[in-house]
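Here is the structure we will look at, set down as structure tokens.
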Amino acid sequence: MFFFTFFLYSITLKKTLGGYVNISNIFNGDGTKSSLSSNVINGHDASEGEFPFMAQIYHSNNPNELKYHCGGSLIGDQYIITAAHCLYNKDLNWVPLNNVRIVVGKNVRRDEENNHKLYFVKTVDFYGDPFTTAYDFAIYTLSTKVPESEASPIKIYPGKICNNIPVQVLGFGRVNPEVYEIKNVLQKANVDISSSTNCTKMNKHWNNNNEMLICQESKGINESNDSCKGDSGGPLITRYNDTNYLVGVVSTGHKLTNQSNTCGKNIVAYYARVGYYFEDIISITNISKKNLT
């Protein structure tokens with residue numbers, strides 16, 4: 001397994017430990033870039049401080065113009081997990097690291113009224129080709145550490161993924177798939193993990209939920225709940241013993257019917273499974289397994 005490490009002024013190819021470690025199961029229980037972007041549909045406002053690990057990724061060509069691009073999750077005190085396709089802009093051009101700014105620990109997007117602290121990026125590590133859904137995973141290393149007074153990191157869930165694990169998706173993306181408007185307040189929505197035949201049908205890289213991808217196909221009361229455009233890179237989480245665990249990273253969605261929208265009802269969504277990269281995360285961040293889980 002290879003991770004590519006990008007610095008501000010140089011590029012290094014770095015081999016990491018690779019593999020998947022299943023520490024414990026604490027619960028019972030065509031694949032190309034067609035629409036690699038997503039937001040929370042049918043969600044609810046998150047409370048201030050409810051998700052202190054949430055990151056906002058902005059792109060900037062000058063200090064006075066910040067454009068929200070993707071979500072992310074803080075691990076440790078200096079690392080942001082996001083999607084590899086978030087390293088590129090909407091025109092599929094690489095965004096230089098000195099044009100990336102990150103806000104951490106806030107449930108409201110940065111604007112004139114909410115002048116949140118901005119963090120710069122020192123390096124980024126990503127696995128493979130960011131233009132496919134196969135390895136849509138990346139880690140930004142911040143230039144400075146995030147103090148505990150500003151944000152708290154999330155733990156990682158490296159165990160077995162079962163369909164009955166309760167999960168939520170978080171993001172600042174669209175709440176209406178037909179309207180291009182992203183939310184100012186962080187949204188949360190319950191969604192359902194799936195292993196139906198649709199998961200394989202809509203993405204050739206998906207085999208089961210314990211490899212590189214997690215499939216989501218919400219049913220019943222969660223039927224219209226989904227991530228959507230603007231949620232990319234954000235977290236899919238579960239909660240156990242009052243602790244949040246990062247399960248996946250918002251990647252892409254595919255429509256099952258001949259409909260205009262690519263999020264919401266009749267959609268199969270995919271998330272990069274964070275546990276698949278567990279050993280790589282340890283290698284890149286030097287955070288111990290104990291502190292990560």
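The values are calculated or read from the model by the stated rules, or taken from the named source; none is laboratory data. The shown structure was predicted, so the numbers you read here are calculated from the model rather than taken from an experiment. Note that each Cβ is placed from the backbone with ideal geometry, even for glycine, and that neighbours are counted across all protein chains shown.
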Looking at segment 187-201, which of its residues are farther than 30 Å from residue 47 by Cβ and among the basic types (Lys, Arg)? 201
Kindly indicate which of 57, 102, 81 is among the hydrophobic types (A, V, I, L, M, F, W, C), in a strand (DSSP E or B) and touching a Cys at 6+ places or on another chain (Cβ under 9 Å). 57
Determine which single condition residue 141 fails, assuming it passes every other condition in (1) of a type in the set (S, T, N, Q); (2) at pLDDT below 85; (3) in contact with a Lys or Arg (Cβ under 8 Å, 6 or more places away or on another chain). (2)
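Restricting attention to segment 30-54, and to residues there that are assigned to a strand (DSSP E or B) and over 25 Å from residue 134 (Cα atoms), which single residue is modelled with the highest pLDDT?
The initial filter retains those residues of segment 30-54 that are assigned to a strand (DSSP E or B), namely 32, 41, 44-45, 54.
With the extra rule that they be over 25 Å from residue 134 (Cα atoms), the set shrinks to 44-45.
Details: 44: 70, 45: 83.
If we take residues in segment 30-54 being assigned to a strand (DSSP E or B) and over 25 Å from residue 134 (Cα atoms), then 45 is modelled with the highest pLDDT.
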Yes or no: segment 14-22 includes at least one residue that is touching a Ser or Thr at 6+ places or on another chain (Cβ under 7 Å), within 27 Å of residue 209 (Cβ to Cβ) and at pLDDT 85 or above. no
For residues in segment 89-99 being assigned to a loop (DSSP other than H, G, I, E, B) and of a type in the set (A, V, I, L, M), which is surrounded by the most Cβ atoms within 10 Å (Cβ to Cβ)? 95
Out of 99, 114, 64, 89, I need the residue that is at pLDDT below 90 and in contact with a strand residue (DSSP E or B) (Cβ under 6 Å, 6 or more places away or on another chain). Which one? 114
So the check is Cβ under 7 Å with 6+ separation or different chains; which pairs have a first residue in segment 80-104 that's aromatic (Phe, Trp, Tyr) and a second one that's modelled with pLDDT of 90 or more and part of a loop (DSSP other than H, G, I, E, B)? 88/95
